[in-house]
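Engineer: Here it is, the structure, as structure tokens.
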Amino acid sequence: MSSSRQRQDYDYLIKLLLIGDSGVGKSCLLLRFSEDQFTTSFITTIGIDFKIRTIEMEGKRIKLQIWDTAGQERFRTITTAYYRGAMGILLVYDVCDETSFNNIRNWISNIEKHVADSVHKILIGNKSDMEGKRQVPTATGQVVPRPADTPSFRAAHASIVCHLLPV
């Protein structure tokens, strides 16, 4: 006897969206988190990509569907369509690129236009392991205007992302 419903291999499905300027390391963060791989090569995301990783937390299997968006302006209309249904937004800037940090306000404005207030948001200062090239001091990253409930983290570009460090 066949069942029309297949058994799910997870208890929860969570859709997350990585957004930020081009070159801030969104794809590298995703590759490191989903496949535990690291690459120093830069390949621009065209449109959108995604990876899946299932984690276990408190005895529950959680399937994370993480969407990697292109940071270039020309892809904005494509990527904003993927905001729908997102349960969390990971807003990434490069601590070695002050412009990417300054553009955080634009990304926040974009988020506010396209997602519900109830969507969780996390600000990530990426490449914190490249201290010699840092342009955005840690203290500056902590005071960026953002929705009140948005925690901030720093991520070492080459280290395991699932151990994000609160700032």
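The values are calculated or read from the model by the stated rules, or taken from the named source; none is laboratory data. Note that this is a predicted model, so its numbers are computed, not measured. Glycine also receives a Cβ, built like all others from the backbone with ideal geometry; neighbour counts cover every protein chain displayed.
Engineer: Among the listed residues 84, 61, identify the single one that is of a type in the set (D, E, K, R), modelled with pLDDT of 85 or more and either surrounded by fewer than 15 Cβ atoms within 10 Å (Cβ to Cβ) or out of contact with any Asp or Glu (no Cβ under 8 Å at 6 or more places or on another chain) (or both). Give the derivation first.
Structural biologist: On the way: 84 fails: modelled with pLDDT of 85 or more.
Testing whether each residue is of a type in the set (D, E, K, R), modelled with pLDDT of 85 or more and either surrounded by fewer than 15 Cβ atoms within 10 Å (Cβ to Cβ) or out of contact with any Asp or Glu (no Cβ under 8 Å at 6 or more places or on another chain) (or both) leaves just 61.
Engineer: Can I ask one more? Filter segment 14-42 down to the residues that are among the charged types (D, E, K, R) and at pLDDT 85 or above, then identify the one that is farthest from residue 62 (Cα to Cα). It would help to see each step written out before you state the result.
Structural biologist: The first filter runs over segment 14-42 and keeps only residues among the charged types (D, E, K, R), leaving 15, 21, 26, 32, 35-36.
Still in the list and also at pLDDT 85 or above: 15, 21, 26.
Working: 15: 11, 21: 28, 26: 21 Å.
Looking at the filtered set, the residue picked out is 21.
Engineer: Sticking with this structure for a sec: Can you tell me which residues in segment 97-107 are in contact (Cβ under 8 Å) with a residue 12 or more places away in the chain, surrounded by fewer than 20 Cβ atoms within 10 Å (Cβ to Cβ) and either part of a helix (DSSP H, G or I) or touching a Leu at 6+ places or on another chain (Cβ under 7 Å) (or both)?
Structural biologist: Of everything in segment 97-107, those that are in contact (Cβ under 8 Å) with a residue 12 or more places away in the chain, surrounded by fewer than 20 Cβ atoms within 10 Å (Cβ to Cβ) and either part of a helix (DSSP H, G or I) or touching a Leu at 6+ places or on another chain (Cβ under 7 Å) (or both) turn out to be 98, 99, 105.
Engineer: Condition first: part of a loop (DSSP other than H, G, I, E, B), among the charged types (D, E, K, R) and closer than 27 Å to residue 110 by Cβ. Now tell me which residues in segment 6-38 satisfy that.
Structural biologist: So the first thing to find is which residues in segment 6-38 are part of a loop (DSSP other than H, G, I, E, B), and the list is 6-11, 20-25, 36-38.
Applying the additional criterion that residues be among the charged types (D, E, K, R) yields 7, 9, 11, 21, 36.
Passing the criteria: only 21.
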